[in-house]
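The values are calculated or read from the model by the stated rules, or taken from the named source; none is laboratory data. These numbers were taken from a predicted model, which means no experiment stands behind them. All Cβ positions, even for glycine, are placed from backbone atoms using ideal geometry, and neighbour counts span all protein chains on display. For accessibility, only protein heavy atoms count, side chains too; no ligands or nucleic acids. Shrake-Rupley method; radii C 1.70, N 1.55, O 1.52, S 1.80 Å.
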Amino acid sequence: MVTKQFNGAHDEADVRRADSLAREIFSDVANKWALLIIEALGEGTLRFGALRDAIEGISHKMLTQNLRMLERNGLVERTVHPVVPPRVEYTLTEPGQALRVTIDGLCDWTHRYLGHIDASRTRFERGPATR
């Protein structure tokens with residue numbers, strides 16, 4: 001994948017443009033695993049195993065890939081402690097903490113409208129006559 005470089009142009013910040021850096025970043029962080037990792041790290045610094053335990057259903061591979069992507073985007077900091085065996089910890093950076101506020105809002109929205117969405121899905125699955 002070719003990584004876009006920010007040149008200060010307004011177009012680069014427009015997520016609606018296919019060639020914008022903002023869309024690339026949005027695509028990176030707008031996936032369920034990245035959102036759940038950021039939410040889990042919002043509670044504090046965690047080691048890999050504790051982070052995997054905190055996110056039910058995530059595989060070792062998916063956690064590794066998403067942590068690397070979040071680190072690349074400057075949202076997560078990886079600290080390796082020089083001990084044997086090495087101890088690696090992950091924590092949110094300032095931009096990661098700021099994104100967590102947005103994710104918390106999304107979680108609040110989900111809790112608030114879960115019943116509505118569930119009822120809508122049920123009506124939809126019954127077919128057009130019940131919509």
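To the nearest ten degrees, helix 60-72 and the longest principal axis of the Cα atoms of the chain are 70 degrees apart. Each peptide in 93-99, 13-19, 67-73 gets a packing score, the mean of other Cβ atoms within 10 Å over its residues, and the list from highest to lowest is 67-73, 93-99, 13-19.
Just the Kirkwood number for the chain, please: inverse of mean 1/r across all distinct Cα pairs, in Å, one decimal. After inverting the pairwise mean of 1/r, the radius is 17.1 Å.
Here's the picture: charge each Lys and Arg Cβ at +1 and each Asp and Glu Cβ at -1 in segment 2-131, and of Gly42, Val80, Ala129 the one pushed furthest to the positive end of that dipole is Ala129. Modelled spin labels at Asn31 and His81, positioned 7 Å past Cα toward Cβ, are 3.0 nm from each other. Taking packing as the residue-averaged number of other Cβ atoms within 10 angstrom, the listed peptides 81-92, 24-35 run from highest to lowest as 24-35, 81-92.
Only helical runs count toward this figure. For the chain, summing -39,500 (n - 2.57) over DSSP H runs of n ≥ 4 and dividing by all residues gives -18000 deg cm²/dmol at 222 nm. Once neighbouring chains are kept in place and the probe is 1.4 Å, which whole percent of the accessible area of segment 16-96 is contributed by carbon and sulfur? That fraction is 53 percent. Compactness check for segment 57-131: Cα Rg over 2.2 N^0.38 Å is 1.72. Accessible area per residue for the chain is 70 Å², calculated with a 1.4 Å probe on protein heavy atoms, without ligands, DNA or RNA.
Dipole check for segment 58-131: with +1 at the C-beta of Lys and Arg, -1 at the C-beta of Asp and Glu, and the Cα centre as origin, the magnitude is about 380 Debye. Multiplying the residue separation of Ser120 and Arg17 by 0.36 nm and removing their Cα-Cα distance gives an extension gain of 33.9 nm. Segment Ala50..Thr102, full-extension length gain: 16.4 nm, with 0.36 nm per residue of separation and the alpha-carbon distance subtracted. Per-residue extension of 0.36 nm, minus the Cα-Cα distance of Thr93 and Lys61, leaves a gain of 9.3 nm for this segment.
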